[in-house]
Structures are given as C-alpha cells and as structure tokens.
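What follows draws every value from the coordinates through simple rules; no lab data is involved. Just so you know, these numbers come straight off a predicted model, no measurement behind them. Quick reminder, even Gly has a Cβ in these numbers, built from the backbone with ideal geometry, and neighbours come from all protein chains shown.
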Amino acid sequence: MRILVVEDNEKLARYIKQMFEGEGYAVDVVHDGMHGERMAQGGHYDAIVLDIMLPEKDGMAVCRDLRDQDILTPILMLTARGGVDDRVVGLDSGADDYLVKPFDMKELLARVRALLRRPPEKFMGVVVVQDLVLDSGKHLLTQGGKSISLTQKEYAILEYLMRNADRVVTREELLEHCWDFAYSAFSNITDVYIRQIRKKLNDTNERYIQTVRGTGYTCTRG
C-alpha cells in the first residue's frame, strides 16, 4: 500500500516515512500544500497524512479541493490545534480522522491502519424519514421538497442516523462509523455536529433527532 505524507517539518516527515516504511508501506513525502495536492490527484494513494499548517496552500484547503474533485482517499490530518472547534473545521473540510501534535508514532500508525481497514461504503438509493429525503446517488438531502446544504460530516452523520431510524445510535458508534476514532475522548464532537444538523433542519423540538440521555441519538420515522 502507498501513503502520501504532506508535512513541512522535514524532520518529522522523515520519522513518519521511516516508521511506515518499516511496516512495509511505500511512502512519498512532500513539504507544501500545492505539491501535496498535485501528488494526491495523480498518485493513487491508499491514505494521505496531511498537516494543516503548510506553505503554499494550507491542509484544509487541500483537503476541501480534493473532496470537491471526488478524490475519496482516506485523509488523516495533523495539527497543533486541539480544540473541538478546530477539529470540527478540519473534519468539515473532508478529513476522515484528526491527530493533534505532539503524538505518539504508534498512535499515528494505528489510526492509519484503521482507515485502511475501513471498507468504503457506497450506499445507493433513497432513504425517507418523515419529510426528509436523502438521495445517496445524488448526495442530496431535501426537507419538505427544499434542498438542505450539509457538510460532508453532517451528511455522513445524518445518513447513518436515517439508515438506522428508530434505533438508538451511540456516540461511539457514530465516531467509529464516520471518523474511525479509536477511543471515546472526542465523543463530544458528535454533539457539536448534531447541534449543527438540528439548526439547519430547524429541529428545535427534536422532531427528527432525539437525544437519548447518556447514550446517543435516535432518528424517528414519525
């Protein structure tokens, strides 16, 4: 398997490259965002390790542009920013996982392995919950016939809830399904996304998504 590492700290990039190569992966390393994006566009990589703070073009912009080009290679972002809001912005740009510096190399390896193990899920067809209609083929959500704009992560969360309607979905399950986080320390990030989705759906009375106290959420059909 081939991994692309986009990291401007050359010493850190060298360590990451050595670690992955020691595990049998082929690794390409670049040190700026523009070069990294070009490599990702044509390199047919199995995973991308992408720093946020990069010269030429920052990692979030690179990630957004790759997703806009329908390049679905799993992306793990590296950053010194550890706040929930920072993680939300990074994940909203299309990243699959998020690792805060400084990190243990073993954790980085485990996170990337998790992304590589996760099979791509290509659900097709239409899911209907009340007046919400989710068309996976068109990646489109409508509410009462009106189109609703969602970020990739918001869409992924709502799609999972709708496909599991009338069943309680735990926060940990959402993390595992949408981000491959290996632990529950970031479980509060699901609450942030649920609030954003509710706001866009004007779901002030939890008509669509109900909170199950201490557990997670359930999306009801009516």
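A few notes on this one:
- The lysine pair count for the chain, using Cα distances under 21 Å and pairs eight or more places apart or on different chains, is 15.
- The relative contact order of the stretch 126-219 comes to 28 percent, based on Cα pairs under 8 Å that sit 6 or more residues apart.
- Sites GLN41 and GLN130, calculated FRET efficiency, Cβ-Cβ separation with R0 45 Å, nearest 0.05: 0.65
- What you get for the chain, charging only the Cβ of Lys and Arg (+1) and of Asp and Glu (-1), is a dipole of about 600 debye around the Cα centre.
- Distance in nm between pseudo-label sites at ASP70 and THR142 (7 Å out along the Cβ direction from Cα): 2.2
- The fewest-to-most ranking of GLU154, GLU7 by surrounding Cβ atoms within 10 Å reads GLU154, GLU7.
- Order of VAL49, VAL133 - criterion: other Cβ atoms within 10 Å of each residue's Cβ, fewest first: VAL133, VAL49
- Most positive-pole-ward Cα, TYR98, ILE71, HIS177, against dipole of the chain from beta carbon charges: HIS177
- Derived from the Cα gyration tensor, the three semi-axes of the equivalent ellipsoid of the chain are 33, 18, 15 Å, largest first.
- Cα-centred dipole magnitude for the stretch 2-117, charges only on beta-carbon of K, R (+1) and D, E (-1), debye, nearest 20: 320
- Relative contact order of the stretch 2-117, defined on C-alpha pairs under 8 angstrom at six or more residues apart (%): 23
- Structure-based [θ]222 nm, the chain - -39500 (n - 2.57) summed over DSSP H runs of at least 4, per residue, nearest 500: -12000 deg cm²/dmol
- Each Lys or Arg adds one and each Asp or Glu takes one away; over the other residues whose Cβ falls under 12 Å from the Cβ of GLU154, this sums to +3.
- Ranked list, fewest to most other Cβ atoms within 10 Å of each Cβ, for MET162, MET1: MET1, MET162
- When you restrict to C-alpha pairs under 8 Å that are six or more residues apart and normalise by the size of the chain, the relative contact order lands at 14 percent.
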